[in-house]
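This report refers to the structure that appears directly beneath it.
A short reminder: the numbers here are calculations on the coordinates, not readings from a lab. Note that the structure is a prediction, hence the values are computed from the model and not measured. Reconstructed Cβ throughout: ideal geometry from the backbone, glycine too, with neighbour counts over all protein chains shown.
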Amino acid sequence: MLGVKVLIWKPHLPFPTSPLLGTAWPSPSVAARCNLHSAKRGNPFKQDAPVEECNCGVHALSALWMLQYYIYGVVQVNAEQESHQMFVCLLEASGKVILHETGWRAAAVDVIGVCSFPQELPDRQAFHLAYQAASHFNVPILNFSELSDVLTWSYQKSHKSVKAESELERLF
């Protein structure tokens, strides 16, 4: 399953971070853990995310139109902090995935591509950031305009498989 996530790259850091929680993304593969539920079970480092009753897991959007709202939230949270730059990652989920109306939460993800935000005029700084992120994650730079088609295809494919699994469970 594919989704998109916004990351920021603060000038003083050697790698990008998640803008709202500050989670480090030093490599293209990231695994989540549920600190709350793992601690209740006596093992604070067990990687068992996502948990239904929690908000844990690696979050991604499968609806590209939601990006504008997410970016607005990021700017609101980070407005008074040091300067940073945002870019979009295309993620592929693995392990357990919990679907939501506009995205999903996964046990683990791999960054499979990056792109800068679309702008009316080409922005050298945005392209440089996309190039830096692509080099860091060793992935291609993608065309933002193609993300919508990729996400629509992935969403339709994942919902067909979820429907098929539900039907099998009903039969057996």
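Table for the structure above
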read-out	value
Added length on full extension, which subtracts the Cα-Cα distance from 0.36 nm per residue, Tyr72 to Leu20	17.6 nm
Residues Ser148, Ser116, sorted so that the one with the fewest Cβ neighbours within 10 Å comes first	Ser148, Ser116
Pairwise label distance in nanometres, Ser29 with Thr152, each label 7 Å out on the Cα-Cβ vector	3.3
Net charge, Val111 excluded, C-beta distance under 14 Å - Lys, Arg +1, Asp, Glu -1	-1
Environment charge of Thr23, counting only residues whose C-beta is closer than 12 Å and scoring Lys/Arg +1, Asp/Glu -1	+2
Estimated distance in nm for a label pair at Lys10 and His100, the labels positioned 7 Å out from Cα along Cα-to-Cβ	2.4
